[in-house]
Each structure stands twice: as C-alpha cells, then as structure tokens.
1. As a check on your grasp of the helix formula, calculate [θ] at 222 nm for chain A: sum -39500 (n - 2.57) over DSSP H runs of n ≥ 4, divide by the residue count, round to the nearest 500.
2. If R0 is 56 Å, what FRET efficiency do you get for A:K257 and B:E115 from their C-beta distance, rounded to 0.05?
3. Taking every residue in A:21-32, how many Cβ atoms of other protein chains lie within 10 Å of its Cβ, on average?
4. Which of rounded, prolate or oblate describes the stretch B:255-409 when judged by the alpha-carbon gyration tensor and an a/c cut-off of 1.5?
5. Residue farthest toward the positive end of the dipole of chain A, with Cβ of Lys/Arg at +1 and Asp/Glu at -1: which of A:N388, A:L230, A:I59?
6. Work through the residues other than A:P302 whose Cβ is under 12 Å from its Cβ and net out their charges, Lys, Arg +1 and Asp, Glu -1.
7. Please work out whether the stretch A:249-321 counts as rounded, prolate or oblate from its C-alpha gyration tensor, where a ≥ b ≥ c are the square roots of the eigenvalues and a/c under 1.5 means rounded, while otherwise a/b larger than b/c means prolate and anything else oblate?
8. Per 0.36 nm of contour for each residue apart, how much would the distance between A:N291 and A:E275 grow if the chain were fully extended, relative to their Cα-Cα spacing?
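Derivation of every value follows stated rules applied to the coordinates shown; laboratory data play no part. Computed from a predicted model, the values in this text were never measured in an experiment. Backbone-built Cβ (ideal geometry, glycine too); neighbour counts: all protein chains shown.
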Amino acid sequence: MLYIIFYFQVHQPYRIRDFSVFEVGGSNNYFDEQLNRYIINKVAEKCYLPINSLFKELIESSEGRFKVSYSITGTFLEQVKNYRPEVLESFLELAKTGAVEFINETYYHSLASIFDIEEFLEQVEEHFEFIKNEFGFLPTTFRNTELIYFDKLSDFLLNFPHLKTILIEGADHILKGDLPLYPRLSYNHAHLLLLKHYKLSDDIAFRFSNRGWEDYPLTAEKYVQWIKNLRLVEREGKNLYLNLFMDYETFGEHQWKETGIFDFIRKVIELILEEEDLAFLWPSEVRQTLNYTPKVLFVPNPTSWADTERDLSAWLSNPLQWNAMKTCFDFLKRAKQKGKWDLVSPLKRLTTSDHFYYMCIKYFQDGDVHKYFSPYPSPEHAYRYYINILTDIEEKLEEG
Amino acid sequence: MKILMLTWEYPPFIIGGLGMACYGLFKALSELGLIIYMILPTKEKVFFEIDSPFSADYPAAKTWDKKQLTPLPLKFYHFHYLEPEGGYLTIKEGLVRENISYPKREPQFLPTPQEVLKRIDFILSQENSLLAKVRLYTQNVLEITKNLDFNLIHAHDWLTYPAGLFLKNIKRVPLVTHIHATEFDRALGYGHPLIHEIEYLGLNYAEKVIAVSNYTAEIIKEHYFIPEEKITVIHNAFTAFTEKPFKVKKFKEPVVLFLGRLTPQKGPKIFLEIAKKVLEREGRVRFLIAGTGEMERELMLEAASLGIGTHILFTGFLTRKEVEAALSMSDIVVMPSVSEPFGIVALEAMYFGCALIVSKQSGVSEVIESAYKVDFWDVDKMVEIIIDLLQNPDKIEKLQAESKEEVKKFSWKERAERVLQIYQEFLS
C-alpha cells in the first residue's frame, strides 16, 4: 500500500513597522497593522477561503477518504480572528468533517529550539493549549518551525509524552541514499519521523508554474503516474508513505489561480481516490499501519526545509540575523525575570522566524525567493527596524 | 548684479554638504541684493531665480524664456560617484598627450582656449554614465542661458566646471570656480583621472578660485598647480532650521553620533572601531550611525558581528528635520573624516550643544576652538577622550556650553560679503 500524507503549513507573521530610531521611548506600537491586515485579507481571498472550500467538498464527496493535516500557528490565527474571522470559520468547518488532523508546533513559529529551550517548551505548550481550545483537538504529531530537526529536539519533546510523531525534511544529506518513503525512528527511539518527499512536494509548491521546467505543464495524470511509479521500489510488501508537505499558501498565493493549481490539485486527489492501492492518511495514523520496524535515523546537525542548503542558513547565516535573534531571546529572558509581561508579548512575536528571513543576504543580489517574501526594500531595512524596536524594548526593560 | 550659479545640489536634493553650503551662501547673497540664476541637473530645461531670502527657500523654476513653470516635481539625475579606473594618469601626462599648454596666469578675464574646450568635449564623450550626465547638464546650461544676461558665472564643484568653461567664452563673462571637495578627498587616493583633469582645467581656467578651507587650498596648489594669488579661502558657515536648539533625552544612556555619508572618506569604519573599543570598557553608551551610503551593509555586518545587541544603531537615510533631531539627542559627535574639505556637520553639532571630536584632516578644524582635534587614524586617543568625557559630566557640559557659544560667530552673511568682494573686483 502507498499512503499519501498531506500536511499544510498555515502561517503569517506579525510584520514589523518601519520603526525609526527617533520613535524610541514612544508607544510600543511595533507591528504594521495596516500591512498585516491587508496581507491577511488578500491571502484569505486568493488562498485560504477557496482552498478550504475545495478541500471540504472533496472530503465530503469522498466520505472522508480524502484526509489532510494542518499546522496552524498562533500568530496566524490571532490575526485571522482580528482581520478576517470567516477564515477561522472555514477551518472550523473543515475540522467538523472529522477528516482533519491538527499538528502541534511553536505558537510563534520561532527558532526557540535553537536558542532557548525553556522558551521553546513554553511555546509548544502554548500552541498545544491553543489548538485544543480552538479546534477541540489533541495533537499527537509535532512539526518544528520550518521542519527544523536535530537529534536533541526529540529529547526536548520527551517533555510532552503525548507527542509520538515528528514531521521532518527528507534531506539528502541525512537520508544518505535511503528513500523518504519509509518512516524512521528518532535516535533515542522515542518518536516516529515522517520524511518530506521534497521532489514531489516541490513539484507542486515551487515548480508547478515554472515554464522553464522540463516537465511543464504538469498535469494531474502525469503527477499521479509519478506517484504510482514510487511503488515499484518496494518488493517485500512494506507499506510506503509519501509525505507531501508544503505551505498552504501554495494554492492561490505562490501559485496563482490562473496557473490552474486549483483544478490540478482537485484532479490529483480525485485520481488518487480512484486507485485501489493508494490511500490518504494522517501523520498520526502511520504508527497503526506500519507493517515493519523502522530504521533509526541520526541527525546530529539541524536540518530544515528551506533553500537548497536545507539547514538554518535562511535565518542564521549572517551577523545581522545572529545579533538580532540572540538579542531578542536575551531580552525575552530578562523581561520574564523582571515580570514585565507587557514586553514579553511583543518579544514573543518578535521570535517569529520570518523577521530573520527578511535579513538574509545570502541570495538577495539575485532577487530570489527571500526578496519575494520580504515586505522591506532590503535586508538592511529589516535589520534596522528590528533593532530599533529591540532598543525601545530595552529602554522599557530598564525602567523601574 | 546678476550671478549665474551652477551647482549639482540644492535642498531638498541633497547628497552631501554641497547642497547646504549653496543654500546658505545663495540666501545670504540674495539678502545683499544680488539676483541669482541657478541651474541644477534637472531633466527639464529650467533655471531657478533667487532674488530674496524667501525665493532661496522656495526657488521658482523658469524656462529659458523666463516663463515660470507651474509647480511640478523636478526630476534630478541620479548621482553617484565614479570608481577610480585603471592606473593613475597624471594630469601633466594627459595634457602633454593632447598637446594642451599650461594656462597663462593672468588676473582678468581670459577666454578658455579652444584646445581646452576640445579636450573637455573629448572627456565628456567617454562612455561613462556620470560623464554623460555632466555632458547633458552642460548642454542644458548652454541652451537655457541663451536669452539670459548675467555678470558672472560661479560654478560649484567639478560637475559644473565644463559648463562654466564653455559658457564664459560665449557670454564673455568671468568664471569663478568654487571647490567644495576634490577628487582626492572623495576617492581617498588616486581617484578618477578624467575627474582630476576636469578639476584641473576648471580651476586653472577660471578667473578666480574659492576654496572652502586652507586644507583644500593646499591640495589644489600642490596637485593642480593653482597659483596662490588666484585662490581665496572662504570657510563655510551653517544653517539650522531649529531656531532654539534643545537637548532631548531619548535614551537612558549617553549617545555618541556619527553623521555623514557612509563612504570611506567620512571614516565610518573608524567610528565603528572607536565604538567597539569604548564599549569594551564602558558598556553604557549608545553609538548612532546616521546616514546612508555604499558602506552601509559592510558596517552593519561588522557592527552586528561584535554581538553587542542594540548598542550600535543605524538610522538609514535622514531628512533635514531628522538630521537636526539626531543632533539634538546626541551628547558627543565624532567626525573622523579621512579627508574633509570642510565639514559643516561639525558646526551644526556645536549649534546643538554637542561635545565635538573632529579629525585634523578637515577644513573645519582650522576655524574652531572648542573641539578636540585628533588625527583620523588615532583611534585610541579618540577612545580616551570619549571615556574621559563620559566619566566627567562637568567637563562635557563645559565643552558643550563653549561650543554652543563659539558657533554663534559663524554666519553666512559674513561669508557672502566676502564672496561679493570677489565679484566686485571683476565687475568694477
């Protein structure tokens, strides 16, 4: 049997304002409400609302044989509640079908796992409670920000015994030639690891509308044939798990409606439903269907799903990013020690990985994806605004 | 008396100190009753008329037939500095190759020789985007001035010298070239040979040269062989829009400010070095780097790699109003320029009551008393001074009060009177 596991990342950061050094000591109005409201509404219309309704329809028509899983961040849902409540409604509608699994992650989509373990555990706990309250769901699957994973992370998560499964990137350098279709065990045997099939995931997420790609245009028939071909590698009857992980914004935002992405995904799902030895599955169901003992996977250094390097370099490769992130976590610790809760809240929002992504200069010259996603004219601007905000917070930390 | 002013900058279109110097000088000249026609590097074929302090603040754009343009946003050429190219060709070599003889040194009006004009024409037809803009500007000037009468041409910095040299022949009026900065200052070394050549020709074939400091006068005497009797040194003054300067306490910690373009000439890397050393000994200071420029990323990366969080801040581009806000929240201003023809920032800092450290390699250090003057390379000395000032509140307050008092003696009015004297020498 070949199982197909869809997991979609649903996230929006609180983008910061062009906070100038002259504003230090003023209000703590750090976030660009207008811009954030605009983006939430734009993406809601282009992506969240249409794709949610499409998936709901497919779940209902297939009587629950089509299944999906979502990881929805706290910063996303807070903003949606404020700026476009009907998006939350549509996720609740999806949840009601019973065909949706919700995944646990850090509430703020942060890199706390790298900098501050206490804060990391706090944010995971916060998110767990949040999913429980919003959707009445108790997650048993975990995914770390940007699929960042390393052996120690599995140890940290022992604090949450209900978490059994972790989603990670099927990076070549950790698989060393093995296929991502076989789930693995964490180095301490505590968690089941599901590996993203980056080729087939990125065919949809990145390459779908690329006219320079040799397989353009990608049809649903062709794609499903690729999926079916995957079964050829297995001759001992072991179940295979195809993990298709991507940003939810792929549908309608990164790949515009005009590219035919909605028709494509509908057709793909319908074709898969017709096949007898293909089935959709939740990440949490892998344990029950596994008909062999998985091999252990060692990941000593952090991997992620970002850029070609699949490491931390998208957020932590230059001094701007290091200084900004280190300072933010320092101040967060100080604010907690001093009990300055009015500062803890903005600081937590500032731990979101996107802020550091905008400061990346790795490819900025080539005007690639980092630039596409950044609301600022340059990484220097992103750094300047961020540090100015931290300065303001520092001044307020020292009061009293 | 009508003067044609050729300049590349005028507020609000400011890149460096040139714009503010022109503004201060033109305004003061208009108060003395002069009529100024100003031509800027606009894409539209217009000149600006300044005949009163009010019109200095809001110059009216007019077309060649003196019709006033309805207010419209003027498009300025984007300005950037030329990178030094290839090897350094001395001016002499360049001239010898082109068979240009050295100019005779005569005090009164002398037309620009034909071979010099030919040479300039040749230089401006080089494939280079900046030189092409200068060419365009030169053509613009010649066209706009067709129906314009004036007694004298006053050209500011090399970008406008070609226009001045051509125009003086057509109009048969004297040319005064004003040197605010040389290519030696900007490039910190050999610089671009063609720019050197334009500076050389512009200064030599003008009737009179005004230098903004003795420091600059020495450079043009030594490198461009300008005879001493032809040069008059008139130091800059300053203009501040805040009438009553005040101090704002923005941070709990004292603030040390760098204000200027982020280019090697202004020494921002030296400032960073100072910041690093001061912060190693005295953690409670904030260093503010104000301005933009090609070194911004390099400086930011270096500052961030020191890992001192929020103690080195960058402001990015500042409007004039923000410049004054930055000055009013600073306790100490450091101007570590490697080569600074004048440095108006120093006077502005004094006006806002900041303790001041300037490099000896600056024109402003010739005319001020209440400031520390240090060689730009002497980082340790500047570090000592800053720490000493931070630890002795009395000392810093005294210095701040003194500089605030001293700067009162600088006025554009007095400078304008001296410029007027020069005009009168020719026109009487």
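1. Working: 18 runs with 173 residues, N = 400.
Per the formula, -12500 deg cm²/dmol.
2. Values: r = 68 Å, r/R0 = 1.21.
The value I calculate is 0.25.
3. Numbers: counts 16, 9, 1, 6, 6, 1, 0, 0, 0, 0, 0, 0.
What the average comes to for A:21-32 is 3.
4. Details: a/c = 1.44, a/b = 1.23, b/c = 1.17.
Since a/c stays below 1.5, the shape of the stretch B:255-409 is classed as rounded.
5. Of the listed residues, the answer is A:L230.
6. Numbers: positive: A:K152, A:R310; negative: A:E146, A:D151, A:E169, A:E309, A:D311.
Result for the neighbourhood of A:P302: -3.
7. On the way: a/c = 3.86, a/b = 1.19, b/c = 3.26.
The shape class here is oblate.
8. Working: separation 16, 0.36 × 16 = 5.76 nm, distance 2.07 nm.
In short, 3.7 nm is gained.
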